[in-house]
Amino acid sequence: MHKTPSEAAAWIDAFAKQLEDTPHDRVDVLLGVPATHLSAMRTAASRAQVALAGQDVSAHDEGAYTGEVSGAMLRDAGASHVIIGHSERRAYHHEDDALVGAKLQAAKRHELTPILCIGEVEADRDAGRHETVVLDQLRAALDGFDLKTGSDLVIAYEPVWAIGTGRTATADDAQTMSKAIRDALASDHGALAQDVRILYGGSMKPGNAAELLAQADVDGGLIGGASLEVDALLAIIAAGNQVAS
């Protein structure tokens, strides 16, 4: 929850101008922003060929759900994707796997590509049950989800214990879990698993982006704090472009 719509409009104008001078022909750039910011950012984003995502979506399509934002609203405001099940939504708003699954279905109904966030907390990692926890989240959320192509879904792995705690996930940590996720997808959905993008969301920044993005099963990043600074985000984009070349 950062920046007003006016501040976000100024931010994306500066970002779009500098993006022109940043190698990014081999990467896709998507900005996940508050619903209030989508309309203010859509024109500049479209010119820069940058896609927009909502940060959450209601499980309901319409009705008396004050304060909720529907998939239709996000789509009409300019979003093509939506983040679902972010660790902060799970922790602070007590979203469980059933609600996350319902939101995935809502996104699909409104032709929004869901970015499904899954990840373990510190206690799970320390107890050695991190893989079980993450794959249980994956399968519970996707129960009943009709995955027809790999582009119908994006997965974001968030090791919650490595976000703002001082602990750091290594590139090996990211790769090991991303491979486990892809293997689980392959077991449940066959060859489509190879086309599902798996993002890493544990404090990716300019200093570690290249190493993380070079991992075989890490297809991109879900960038948090570093995305607030234009120069930092551009550096991550450049690192991704270099890795992909």
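The values are calculated or read from the model by the stated rules, or taken from the named source; none is laboratory data. All values derive from a computational prediction rather than experimental measurement. Here the Cβ positions follow ideal geometry from the backbone for every residue, glycine too, while neighbour counts run over all protein chains shown.
Is the stretch 110-117 home to any residue that is within 25 Å of G202 (Cβ to Cβ), in contact with a Ser or Thr (Cβ under 8 Å, 6 or more places away or on another chain) and not aliphatic (A, V, I, L, M)? There is at least one residue in the stretch 110-117 that is within 25 Å of G202 (Cβ to Cβ), in contact with a Ser or Thr (Cβ under 8 Å, 6 or more places away or on another chain) and not aliphatic (A, V, I, L, M).
Within the option set H24, H60, H2, being part of a loop (DSSP other than H, G, I, E, B) and closer than 15 Å to S227 by Cα holds for one residue only, H2.
The residues on offer are A184, A244, A238, and the sole one that is in contact (Cβ under 8 Å) with a residue 40 or more places away in the chain and closer than 16 Å to L116 by Cα is A184.
Does the stretch 68-85 contain any residue that is modelled with pLDDT of 95 or more, buried (at least 17 other Cβ atoms within 10 Å of the Cβ), among the acidic types (D, E) and part of a loop (DSSP other than H, G, I, E, B)? No, the conditions are met nowhere in the stretch 68-85.
Among the numbered criteria (1) more than 18 Å from the chain's Cα centre (by Cα); (2) hydrophobic (A, V, I, L, M, F, W, C); (3) surrounded by 20 or more Cβ atoms within 10 Å (Cβ to Cβ), which single criterion is violated by V100? Of everything listed in (1) more than 18 Å from the chain's Cα centre (by Cα); (2) hydrophobic (A, V, I, L, M, F, W, C); (3) surrounded by 20 or more Cβ atoms within 10 Å (Cβ to Cβ), V100 misses just condition (1). Entry remark, the stretch 191-205: residues being in a loop (DSSP other than H, G, I, E, B) and more than 21 Å from V33 (Cβ to Cβ) number 1 in total.
Which residue is modelled with the lowest pLDDT, if the candidates are limited to the stretch 161-192 and must be small (G, A, S) and touching a Gly at 6+ places or on another chain (Cβ under 6 Å)?
First, the residues of the stretch 161-192 that are small (G, A, S): 162, 164, 166, 169, 171, 174, 178, 180, 184, 186-187, 190-191.
Pick out the ones that are also touching a Gly at 6+ places or on another chain (Cβ under 6 Å) and you get 162, 169.
Numbers: A162: 89, A169: 86.
Out of the qualifying residues, it is A169.
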